[in-house]
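Bear in mind that the values in this text are calculations on the coordinates, not laboratory data. Keep in mind it's a predicted model, so treat the numbers as computed, not measured. A quick note on method: Cβ atoms are made from the backbone with ideal geometry, for glycine too, and the neighbour counts reach across all protein chains shown.
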Amino acid sequence: MKTVYLDQAAGSFPKAPGVSAAVAGLLEHGGGNINRSSYALSTGTGLQVMAVREELAAFFGCSACEELIFTPGATQSVNLVLRGLLRPGDHLIISGMEHNAVYRTAHALTGAGIALSVAPCDGTGALDLDALDRLFRPETRLVMLTHASNVCGTILDIPGAARLCRRRGVPLAVDAAQSAGHIPVRLDELGADAVCFPGHKGLLGPQGIGGAALSPRLARAMTPLITGGTGSSSDSPEMPAELPDRFEAGTGNLPGILGLGAALSYLRSAGLDRLRAHEVALTGRFLSALRGCPHIRVPGPPRPEDRVGVISVDFLRRDNAEAAADLEERYGILTRCGLHCAPLAHRTLGTFPRGTVRFSLGPFTAPEEVDAAAQAVLALA
Ligand code: PMP
């Protein structure tokens, strides 16, 4: 039986062409480390890493390439921003569609004297801007919102939230774990101060590499999450003030960075617009095939244009975990069931605590695979 991988929201597979060669190339020929030693092997790899930083900074609309910080992934970037910025007495607003990367980190900070408010979203996962507007306080220090839901794909109105934030001079941080590589994610266009992104999902790169794109004002206000050697200002016991070194202590994931660089080259040559058109077409095809079945619920916006390629199905007459197991055993279709590390989102969508079966699509998903998944859902419903 052929396997159909529809768990792209957990991690893209296959990776973009060129990624594994770039990872292997660094391991086989790249030398030991960068930014420490001055021989050509080290500086050559350093230049390659710099080139990827420049590409990513341009991709995410940074005003300077130093404002693109490499991290191991979105979770680490969220922690970098929240723990780097917030201090006792501050107030943080998040949305009712957050992943635990944001929710658990925010919750942990409430134990350190930071007040937390959750901006409600409607039953499709869309942000209620009026309700968000009412949550601001004089001590609100940051708003952090997911760009697209990892449960049902809903794209949140980040520019709308940014307008509210700008009116009050409050920075906005975006969890772009499910949007980067799918829809445009640029600091300048969104009006955001931070974008936290993983390399291993929509960007089609390897696991263990991601980053944070920061505005100059946010970068200036943040303290480092991790301290240690940077290969710069080594005479000082303090972390250097310069970016990106201030937030990049220790040896980075060099194979991951070069792999991500190769993925980015692929995305550029394939064209984000073309990939997005494919995603919208397949999402629409899946949603249409499921429409009308009385034995399932499909939370999220009805129009595929309002989502990334993430579709959750709630089986009303059977257990969702059993349905996911049957999808794999009988049809070879790989999905993810449960709460998807997003209990807040499931509460918002009315699917807590039972969760859903999540299907997530990627640029290499074929229409026939979507048809097979839809038919399997209808047969199991
Ligand atoms: N936020 C969202 C919305 C996600 O879907 C995920 C991954 N499931 C994360 C954050 C965490 O990403 P990472 O595993 O790269 O740290």
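Details
- Of the residues Ala249, Ala176, Ala57, the one that moves most in a GNM of the chain with alpha-carbon contacts below 10 Å is Ala249.
- Counting other Cβ atoms within 10 Å as a rough exposure proxy, the listed residues Tyr39, Tyr331 run Tyr39, Tyr331 from fewest neighbours to most.
- 0 to 90° range, to nearest 10: angle between helix 40-59 axis and the chain longest Cα axis: 50 degrees
- Ranked by how many other beta carbons lie within 10 Å on average, peptides 290-299, 140-149, 5-14, 251-260 from highest: 140-149, 251-260, 5-14, 290-299
- Here's how it looks for Met144: its modeled amide H is under 5 Å from those of Ile93, Ile94, Ala173, which are all 5 or more places away or on a different chain.
- For the stretch 26-169, convex hull volume per residue from C-alpha positions, Å³: 150 Å³
- Backbone N atoms of the stretch 362-378 closer than 15 Å to the 7 Å Cα→Cβ label point of Ala281 belong to residues 362-371.
- Largest GNM mean-square fluctuation among Pro171, Pro240, Pro353, using the chain with Cα springs under 10 Å: Pro353.
- Amide hydrogen neighbours beyond the local backbone of Ser312, cut-off 5 Å, H modeled: Phe359
- Averaged over residues, the count of other Cβ atoms within 10 Å places the peptides 25-33, 301-309 in the sequence 301-309, 25-33, highest first.
- Built amide H within the under 5 Å cut-off of Ile296, gap 5+: Leu316
- Rg ratio (alpha-carbon, reference 2.2 N^0.38 Å) - the stretch 180-219: 1.21
- Over the chain, relative contact order from alpha-carbon pairs under 8 Å, at least 6 apart, %: 24 percent
- Residue-span extension gain [Leu378 to Ser234] - 0.36 nm each, minus C-alpha spacing: 45.6 nm
- Computed lengthening from Cys293 to Arg87, 0.36 nm per intervening residue step minus Cα-Cα distance: 69.2 nm
- Among Ser95, Ser269, Ala24 - extreme Cα towards positive end, dipole of the stretch 19-269, charges at beta-carbon: Ser95
- Relative exposure of Phe59, Phe359, judged by other C-beta atoms within 10 Å (fewest first): Phe59, Phe359
- Per residue, the chain reaches -12000 deg cm²/dmol at 222 nm when only DSSP H runs of four or more residues are counted, each adding -39500 (n - 2.57).
- Fluctuation leader among Gly181, Gly111, Gly338 - the chain, Gaussian network, Cα springs under 10 angstrom: Gly111
- The angle between the Cα long axis of helix 100-110 and the longest principal axis of the Cα atoms of the chain comes to about 60 degrees, rounded to the nearest 10.
- Cα long-axis angle, helix 19-29 against the chain (0 to 90 degrees, to the nearest 10): 30 degrees
- Dimensions of the stretch 14-65 from C-alpha coordinates, computed as largest minus smallest value along each principal axis and given longest first, are 32, 31, 11 Å.
- Stokes-Einstein diffusion coefficient of the stretch 278-381, Kirkwood radius over Cα pairs, 37 °C, 0.692 mPa s, in µm²/s: 240 µm²/s
- All Cα-Cα separations within the stretch 19-269 were binned at 5 Å from zero, giving a P(r) of 1, 6, 14, 18, 19, 16, 11, 7, 4, 2, 1, 0, each value a whole percent of the pairs.
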